[in-house]
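Notes follow once the structure below has been shown.
The values are calculated or read from the model by the stated rules, or taken from the named source; none is laboratory data. Keep in mind that this is a model prediction, so the values were computed, not measured. Heads up: the accessible areas ignore ligands, DNA and RNA and are worked out on the full protein's heavy atoms, side chains in. Shrake-Rupley method; radii C 1.70, N 1.55, O 1.52, S 1.80 Å.
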Amino acid sequence: MGQHSIYGVTFECVQGDITGQDDMDAIVNAANAELRTGGGVAGAIHRAAGPGLEEECRSKAPIQPGEAVISGGHELPNRYVIHCLGPVYGIDEPADERLADCYRNAIALAEEKGLRSVAFPAISTGAFGYPMESAARVAMRTLVFLAKQGTSVEHIRFVLFSEEDRSIHDQALGAMVDRDV
Ligand code: AR6
């Protein structure tokens, strides 16, 4: 529980809403290929950001599974939104690689912009059907590996809707601590 410092990066898992992360430089969107509003995370982010977000994203779409693009935060409290298209479970294969690509590409964009803090939702685990435990393991494995390699991002927060999902992510993170990845 709480925060873990792993290879110099602070990791944490909290229960909450991805649009309420005022102290983070960027939040990540579990986007659709067209980068439009939708249900779940994408709906919440576009509602909170206002219509300017969809407008800015129009020229960047469509994106492929595993890809990430970055936009301004508009009316959100965050400077940037990083939009990731997760794999549709059972369709976009190999699912674990496409999901790992999302996390790798999101961090690469954050590094390009010199961002220090990024908040992620559990990409692909809602409408796209990725089982929560496996998705959490892929996410943590990928991000801890990036931390080990060295990243300018200092703070990574997972924001999960339910306490159960938070606990699943916290356990997946805990399993990576002290493990040689
Ligand atoms: N804050 C944090 N987590 C949330 C929030 C929120 N406001 N809302 C939902 N979740 P999803 P996907 C959780 O469906 O599976 C959209 O319609 C949710 O419980 O947002 O990648 C897009 O338009 C789940 O665990 O993303 C795409 O078409 C997780 O966030 C498609 O869904 C991801 O759920 C993307 O599907």
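Of all beta bridges DSSP finds with both residues in the chain, what is the antiparallel percent, to the nearest 5? Intermediate results must be reported in sequence, preceding the final value.
Numbers: 9 of 26 bridges.
The answer is about 35 percent antiparallel.
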Before I look further, what does the chain give for accessible area per residue, probe 1.4 Å, in whole square angstrom? 45 Å²
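Could you grab the Rg to Rh ratio for the range 3-178? Cα atoms only, Kirkwood for Rh.
Values: Rg = 14.5 Å, Rh = 15.7 Å.
Ratio of gyration radius to Kirkwood radius for the range 3-178: 0.93.
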Got a number for the accessible area of HIS46? Probe 1.4 Å, square angstrom, nearest 10. 10 Å²
Sequence order, the range 73-79: Karplus ³J(HN,Hα) from phi using 6.51 cos²θ - 1.76 cosθ + 1.60, θ = phi - 60°, Hz rounded, Gly and Pro as x, gives x, 6, 7, 6, x, 9, 5
Give the accessible area for LYS60 in Å² (nearest 10); use a 1.4 Å probe, count only protein heavy atoms, and leave out ligands, DNA and RNA. 70 Å²
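Ignoring ligands, DNA and RNA, how do SER117, SER59 rank by accessible area with a 1.4 Å probe, largest first? Please report the intermediate quantities before stating the final value.
Numbers: SER117 10, SER59 105 Å².
The most accessible residue leads, giving SER59, SER117.
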Computed lengthening from SER5 to VAL88, 0.36 nm per intervening residue step minus Cα-Cα distance: 26.7 nm
